[in-house]
1. Can you give the FRET efficiency for Ala12 and Leu61, using 1/(1 + (r/R0)^6), R0 = 25 Å, r = Cβ-Cβ distance, to the nearest 0.05?
2. Using a 10 Å cut-off on Cβ atoms, rank the peptides 9-18, 77-86, 46-55, 59-68 from the highest mean neighbour count down.
3. Gain in length, Arg42 to Asp92, computed as 0.36 nm per residue apart minus the alpha-carbon separation, to one decimal in nm?
Amino acid sequence: MGQILSIDYGRARCGIAATDDAKIIASGLDTVKTGDLMEFLRRYVREHLVDTIVVGYPMDLRGNISEIERDILSFIEKLKIEFPAIDLRRYDERFTSKIAAYYISQSGKSKKKRQEKSLVDKVSATLILQNYLEYIKR
């Protein structure tokens, strides 16, 4: 049984989270520059068994797709070529950045740490993955 990865894709950087091998708990892994993302994934997949990659699906409150979706679709096509044996899924990422910022603000971290966008991206990826896990368990 392998892990599930999630990606909170952004133009500058991407948050990444992964489950444990039993697919019970989502944990933040890292935030990487978008240009370095594919190499990060290659290295991670070489070292870990990954069954599924979940990529956030960005929508606004009205259900309209965000303008970054075109970039995400291009990235997903590259993922399909690079990792044909890994199942690719999409999951709604609405509110994850706001929820992540809230959790970080409540965590007792310093103001400087709370303002790090990379931390928000990693926590957002974790929220996407935890929500996806809850969804597939229903």
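1. The pair Ala12/Leu61 has a calculated efficiency of 0.60.
2. Details: 9-18: 21.8, 77-86: 12.0, 46-55: 16.2, 59-68: 10.4.
In decreasing order of mean packing, 9-18, 77-86, 46-55, 59-68 become 9-18, 46-55, 77-86, 59-68.
3. Going from the current span to full extension adds 15.5 nm.
Every number in this text was worked out from the coordinates using simple rules, so none of it is lab data. Predicted model only: the values in this text are computed from it and were never measured. Cβ: placed from backbone, ideal geometry, glycine included. Neighbour counts: every protein chain shown.
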